[in-house]
Amino acid sequence: MTGAGFAFTEAVGFAAPIDDPVLLDAQTAFTFGNGPSYLSPMMDVRAFNSFAIKAEATGGTMLVTDLWAMEINFYADNSGAAAANVFADQFLMYPSGFANGGFLRWTDQMHGSWMQIAVFDPLSVGRTLNLAYRVYGSYRPMSNAYLRASNNGQLYSTARVLGAGANDGGAPCQLGHGLAQATMLSGAGGGATMDIRIGGSTVTENRYQLVAGAANVRVTQQFILTKQQPFVLITNNGGAVSTIRSSIYLQVQPY
């Protein structure tokens with residue numbers, strides 16, 4: 001007696017899921033700062049599982065130490081009322097065009113039925129920037145949000161040659177979010193300090209600090225990056241010229 005086999009025939013075909021992102025809103029050269037801030041239309045996102053956004057602010061009169069902000073709000077209905085605001089994200093960034101200039105590449109789940117985006121000058125410095133951004137609705141489901149300002153996870157890397165007692169004036173670190181690690185190697189001239197300031201270049205309260213007390217000493221520190229782009233200042237504390245090397249690495253992606 002021979003065995004009988006059973007053949008399964010698929011009665012209904014199953015197509016592979018196709019994602020065809022839909023452009024929801026875009027700006028290419030909107031100037032904000034001295035004039036009105038930008039507020040997007042109220043966007044109906046009920047058809048989408050997630051979104052993708054890229055934004056940057058260039059030109060204008062803002063300084064490297066000024067900040068610009070983007071706020072992403074979700075609402076349960078299209079009223080825009082505070083009572084219907086069910087979710088919000090806010091990012092603080094430095095102007096693009098400088099070293100590690102701030103831009104946002106962010107993908108996340110939809111968190112409500114309606115979405116609205118605001119861009120503004122959070123410190124009210126009164127200087128201008130030109131906004132360029134695009135936001136897409138996507139049918140792709142997501143389990144985590146992704147922030148990808150750096151393609152390789154390294155947010156900051158310098159080798160500063162500084163005279164005794166001098167600092168480098170500071171520069172932004174690329175935007176990151178979550179657990180990070182900073183490392184600094186002092187030079188032959190003596191000790192050094194690495195200040196990582198959050199929320200502005202002159203605020204000293206909200207910061208992390210690495211201090212090497214002698215020449216040719218490496219120090220490392222783990223810390224948490226918020227959705228505020230850090231500003232990094234390197235200082236030579238020694239009595240002679242030093243080459244001070246420092247880096248910041250994002251340790252978790254997605255967070």
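The numbers here are math on the coordinates, done by the rules we state, and not lab data. Everything quoted here is computed from the prediction, not taken from an experiment. Every residue, glycine as well, gets a Cβ built from its backbone with ideal geometry; the counts of neighbours run over all protein chains shown.
Going by the alpha-carbon gyration tensor, a ≥ b ≥ c the square roots of its eigenvalues, is the stretch 164-255 rounded (a/c under 1.5) or, if a/c is not under 1.5, prolate (a/b greater than b/c) versus oblate?
Judged from the Cα gyration tensor, the stretch 164-255 comes out prolate (a/c at least 1.5, a/b above b/c).
Return the label of the correct value of semi-axes √(5λ) of the Cα gyration tensor in Å, as calculated from the structure shown, out of [x] 42, 28, 14; [y] 39, 23, 20; [z] 28, 26, 13.
Derived directly from the coordinates: [x].
Using the crude model of +1 on Lys and Arg Cβ and -1 on Asp and Glu Cβ, and no other charge, please compute the dipole size for the stretch 74-231 relative to its Cα centre, in debye to 20.
For the stretch 74-231, the charge dipole is close to 340 debye.
Output the relative contact order of the chain, whole-number percent, from Cα pairs under 8 angstrom with separation of 6+ residues.
23 percent
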